[in-house]
Amino acid sequence: MSAHLPVLPIILPLVIGALMLLLEKQGILVQRVLAWTGMAGLLLLSVALVAEADSGRITAYLIGDWPARLGITLVVDRLAALMVMTTTLLAIACLLHAGTGWDRRAPHFHALFQLQLMGLNGAFLTGDLFNLFVFFEVLLAASYGLLLSGGRGGRMRVGFHYVAFNIAASTLFLIALGLIYGLLGTLNMAELALRVADVSAEDQRLVQSVAGLLLVVFCSKGAILPLYLWLPATYGRAQPAVAALFVIMTKVGLYSVLRVFALMFGVSAGELAGFAWQWLLPAGIATLLLASLGTLAAVRLRIQAGYLVLASAGTLVIGFALNRAETIGAALYYLANSVFAVAAMFLIVELVRQNRVTDRMNVQLPMTDRAIAGSLYLIAAISVIGLPPLAGFIGKLTLLAGTPEGWIGWTYGTILLASFLMLVALTRAGSKLFWQVAPDLDEADRPAPRKRRGRRRELSAIMLLLGYGVAMTIFAAPVMRYTLAAGEQLVTPQNYIQVVRGQVPDLREP
Amino acid sequence: MEFAFASAIGVLTAAGVYLLLRSRSFDVILGLTLLSYATNLLIFSSGRLVTGKPPVLRPGVDPILANFTDPLPQALVLTAIVISFAMTAVILVLAMRGRSDNRVDHVDGNEPKDRDR
């Protein structure tokens with residue numbers, strides 16, 4: 001069992017998803033039971049993964065038992081385990097929210113949800129570039145289904161943009177992969193890291209342009225500056241639980257940037273070392289600034305939540321691009337927290353829409369239950385902006401504290417200014433939505449309040465997400481120790497390379 | 001052979017990019033298809049172009065790369081073909097549904113005001 005641990009988080013959702021397709025006729029209840037069974041299993045697996053990675057050991061798993069340079073490898077290190085854990089925790093809340101009836105509106109919801117989880121876990125665990133592409137496609141294909149099923153006109157329109165954009169980006173990814181294989185003769189990341197170092201002088205430029213292509217691809221998946229225009233509209237149109245789950249999808253792009261460029265173009269890459277960071281730092285700064293301006297400009301709460309996704313992506317990229325163990329560690333801590341907080345924001349948008357008819361901020365409307373919705377919004381906003389005392393503050397503070405000498409002006413200036421702009425934007429949105437409330441209609445005119453089932457469960461999903469953030473604040477020391485150690489592991493990739501290359505097949509003669 | 005092959009990839013890519021930037025969803029889909037053809041050819045060529053050599057080891061033949069063609073790009077391209085085929089199907093369905101919902105074939109779901117653009 002424990003020898004096959006790295007592959008189980010991929011297989012389990014696949015099997016559950018396939019079973020669901022077979023049992024779909026049995027009704028929604030069977031699917032929900034299956035989904036929760038799968039979720040519980042996944043939670044156990046990710047706890048086991050984190051426990052194993054926390055010892056500092058890197059585990060390589062050879063699928064098909066070929067040596068790492070020939071076959072597909074899965075690798076578990078602290079970063080991968082952290083991402084799988086974050087995905088699982090987020091997915092639990094999304095499933096809780098979807099279980100209130102959203103899953104009836106979209107055919108095949110549960111099967112697609114499981115396949116999406118499979119794609120996410122696979123992308124985080126794989127140690128092979130082509131396999132990364134395949135898992136990207138798996139999670140994108142599932143996301144197309146989740147986004148579009150049960151949708152009509154408007155969602156079809158943004159869906160077309162989203163799908164066309166992602167297919168084009170995937171094509172670029174394939175071109176980069178073809179060139180890499182042609183140049184370096186392997187697609188295993190650890191092996192590539194070694195071969196990049198002794199590339200001949202005339203191939204240097206080609207390898208650089210391939211690295212640039214990869215960077216463009218990952219930035220388009222992670223929604224970094226010039227490539228983010230699809231995001232706010234798409235996420236705003238998705239149904240709430242799906243939008244909340246999509247928050248982790250942009251993080252897949254950022255994860256790939258970190259993994260590929262810290263490993264392949266890390267310290268051992270000779271002249272190409274640190275290739276991506278010089279481009280990413282300005283891109284991150286610009287993304288963060290524009291995204292915070294976007295939160296100010298948004299008229300709808302859900303568009304604002306979309307821009308919050310971008311702002312967190314910008315902050316993360318700054319942390320990654322500074323390329324020190326402290327900043328990467330702080331950014332990873334911030335990543336987990338911002339995923340939960342922004343996902344909670346998407347669910348709160350839905351709550352506001354139900355209590356207030358629309359989430360437009362420029363009209364005054366009566367609102368029911370504004371105390372509950374308002375307080376949840378307040379907590380989520382504090383966490384997203386990074387105000388004390390919640391975890392967003394700790395993440396940003398550590399990030400700023402770890403900034404190296406030369407970049408203090410830019411990093412401090414941008415992050416603090418952007419936080420301030422977001423504070424203004426979210427405060428304004430909050431006061432417009434929850435304070436400037438139109439007087440309620442007369443008792444007689446008011447339509448009888450609709451009894452909705454599952455409302456308490458929707459609230460508990462939001463509270464669960466916010467609770468993760470609070471837990472990350474209370475247990476900040478151990479979580480931060482873990483993420484800092486993950487950062488340390490990333491800036492010294494030699495160990496990773498050794499483990500992957502040293503893994504010998506069990507049965508096969510080499 | 002290399003020149004012809006490279007030109008084919010280049011022409012396909014150019015046509016694909018041109019179509020991708022047009023405003024009709026049908027053109028966009030054709031563009032994506034052409035781009036994926038170009039990409040498949042590129043991946044295929046990343047194992048170097050050789051003719052008349054098998055991709056699997058045969059008894060009696062010395063197992064060095066000079067006697068065989070690299071099998072890995074062929075496996076990669078097979079995966080890429082399957083995926084891009086499936087994605088084309090998805091986006092086709094999406095375009096047809098968008099066409100019937102929004103009553104236009106424009107990628108933005110409505111005609112721009114300025115008719116002669």
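The values are calculated or read from the model by the stated rules, or taken from the named source; none is laboratory data. The structure presented is a predicted model; accordingly, all values stated were derived computationally and were not measured. Neighbour counts are summed over all protein chains in view; Cβ atoms, including those assigned to glycine, are modelled from backbone coordinates with ideal geometry. Note: areas computed on protein heavy atoms with side chains; ligands, DNA, RNA excluded. Shrake-Rupley method; radii C 1.70, N 1.55, O 1.52, S 1.80 Å.
Screening region B:2-60 for residues that are more than 9 Å from chain A (Cβ to nearest Cβ) and polar (S, T, N, Q) and picking the one that is nearest to the chain's Cα centre (by Cα) gives B:T33. Going through (1) closer than 24 Å to A:L177 by Cα; (2) open to solvent by less than 70 Å² (accessible area, probe 1.4 Å); (3) of a type outside the set (A, V, I, L, M) one by one, B:F85 falls short only on (2). Among residues that are assigned to a helix (DSSP H, G or I), of a type in the set (G, A, S) and closer than 30 Å to A:Q489 by Cα, A:S292 is not included. For region A:156-168, taking the residues that are open to solvent by less than 10 Å² (accessible area, probe 1.4 Å) and closer than 17 Å to A:V217 by Cβ, the one that is nearest to the other protein chains (Cβ to nearest Cβ) is identified as A:V163.
Taking the listed residues A:A193, A:A233, the one that is assigned to a helix (DSSP H, G or I) and either buried (at least 23 other Cβ atoms within 10 Å of the Cβ) or among the acidic types (D, E) (or both) is A:A193, with no other qualifying. Can you find a residue in region A:263-281 that is within 30 Å of A:F434 (Cα to Cα) and assigned to a helix (DSSP H, G or I)? Scanning region A:263-281 turns up no residue that is within 30 Å of A:F434 (Cα to Cα) and assigned to a helix (DSSP H, G or I). State which residue pairs qualify: first residue of a type in the set (S, T, Y) and inside region A:495-507, second residue part of a helix (DSSP H, G or I) and surrounded by 11 or more Cβ atoms within 10 Å (Cβ to Cβ) in any location, beta carbons under 9 Å apart, and separation of 6 or more residues or different chains. So the pair list comes out as A:Y496/A:M189; A:Y496/A:A190; A:Y496/A:A193; A:Y496/A:L263; A:Y496/A:Q489; A:Y496/A:L490. Could we say that A:T171 is assigned to a loop (DSSP other than H, G, I, E, B) and within 13 Å of another protein chain (Cβ to nearest Cβ) here? So A:T171 fails the test. Of all residues being of a type in the set (A, V, I, L, M) and surrounded by fewer than 18 Cβ atoms within 10 Å (Cβ to Cβ) in region A:368-399, which is nearest to A:A477 (Cα to Cα)? Just the residue, please. The qualifying residue nearest to A:A477 (Cα to Cα) is A:L397. Which one of the conditions (1) modelled with pLDDT under 90; (2) within 11 Å of chain B (Cβ to nearest Cβ); (3) open to solvent by 10 Å² or more (accessible area, probe 1.4 Å) does A:L179 fail to meet, given that it meets all the rest? With (1) modelled with pLDDT under 90; (2) within 11 Å of chain B (Cβ to nearest Cβ); (3) open to solvent by 10 Å² or more (accessible area, probe 1.4 Å) applied to A:L179, the lone miss is (1). Set side by side, the residues A:R259, A:R237 differ, and just one is at pLDDT below 85, charged (D, E, K, R) and within 22 Å of the chain's Cα centre (by Cα), which is A:R237. State all residues of region A:196-216 that are crowded, with 23+ Cβ neighbours inside 10 Å and either without any contact (Cβ under 8 Å) to a residue 60 or more places away in the chain or within 11 Å of chain B (Cβ to nearest Cβ) (or both); if no residue qualifies, say none. Across region A:196-216, the qualifying residue is only A:L214. Where helices (runs of 4 or more DSSP H) sit wholly within region A:69-128, those with at least 2 residues that are under 21 Å from A:L8 (Cβ atoms) occupy A:78-98, A:109-125. None of A:L129, A:L206 is at pLDDT below 90 and hydrophobic (A, V, I, L, M, F, W, C) except A:L206.
Inspect region A:219-228 for any residue being surrounded by fewer than 23 Cβ atoms within 10 Å (Cβ to Cβ), more than 16 Å from A:A276 (Cα to Cα), modelled with pLDDT under 85 and among the aromatic types (F, W, Y) and give the result as yes or no. Checking region A:219-228: not a single residue is surrounded by fewer than 23 Cβ atoms within 10 Å (Cβ to Cβ), more than 16 Å from A:A276 (Cα to Cα), modelled with pLDDT under 85 and among the aromatic types (F, W, Y). A single entry from B:A95, B:A80 fulfils the requirement of being under 13 Å from A:F160 (Cβ atoms), within 9 Å of chain A (Cβ to nearest Cβ), open to solvent by less than 60 Å² (accessible area, probe 1.4 Å) and in contact (Cβ under 8 Å) with a residue 24 or more places away in the chain: B:A95. Please go through region A:87-121 and give me each residue that is in contact with a Ser or Thr (Cβ under 9 Å, 6 or more places away or on another chain) and either open to solvent by 10 Å² or more (accessible area, probe 1.4 Å) or among the hydroxyl-bearing types (S, T, Y) (or both), ordered by number. Answer for region A:87-121, where residues must be in contact with a Ser or Thr (Cβ under 9 Å, 6 or more places away or on another chain) and either open to solvent by 10 Å² or more (accessible area, probe 1.4 Å) or among the hydroxyl-bearing types (S, T, Y) (or both): A:T87, A:T88, A:L89, A:L96, A:R105, A:P107, A:H108, A:L112.
Take the conditions (1) facing chain A (nearest Cβ under 9 Å); (2) at pLDDT below 80; (3) open to solvent by less than 70 Å² (accessible area, probe 1.4 Å); B:N110 misses just one of them, which is (3). A count restricted to region B:64-77 and to residues that are in contact with a helix residue (DSSP H, G or I) (Cβ under 8 Å, 6 or more places away or on another chain) and more than 10 Å from every other protein chain (Cβ to nearest Cβ) stands at 1. Looking at A:A438, A:A425, just one residue is open to solvent by less than 10 Å² (accessible area, probe 1.4 Å) and among the hydrophobic types (A, V, I, L, M, F, W, C), and that residue is A:A425.
Residue-level check: of (1) closer than 30 Å to A:V309 by Cβ; (2) open to solvent by less than 20 Å² (accessible area, probe 1.4 Å); (3) within 14 Å of chain B (Cβ to nearest Cβ), A:T186 misses just (1).
Residues that are buried (at least 23 other Cβ atoms within 10 Å of the Cβ) and within 9 Å of chain B (Cβ to nearest Cβ) within region A:140-154 comprise A:L140, A:L148, listed in sequence order. Among the residues of region A:38-58, is there at least one that is over 27 Å from A:A485 (Cβ atoms), part of a helix (DSSP H, G or I), out of contact with any strand residue (DSSP E or B) (no Cβ under 8 Å at 6 or more places or on another chain) and open to solvent by 40 Å² or more (accessible area, probe 1.4 Å)? Yes, that holds for at least one residue.
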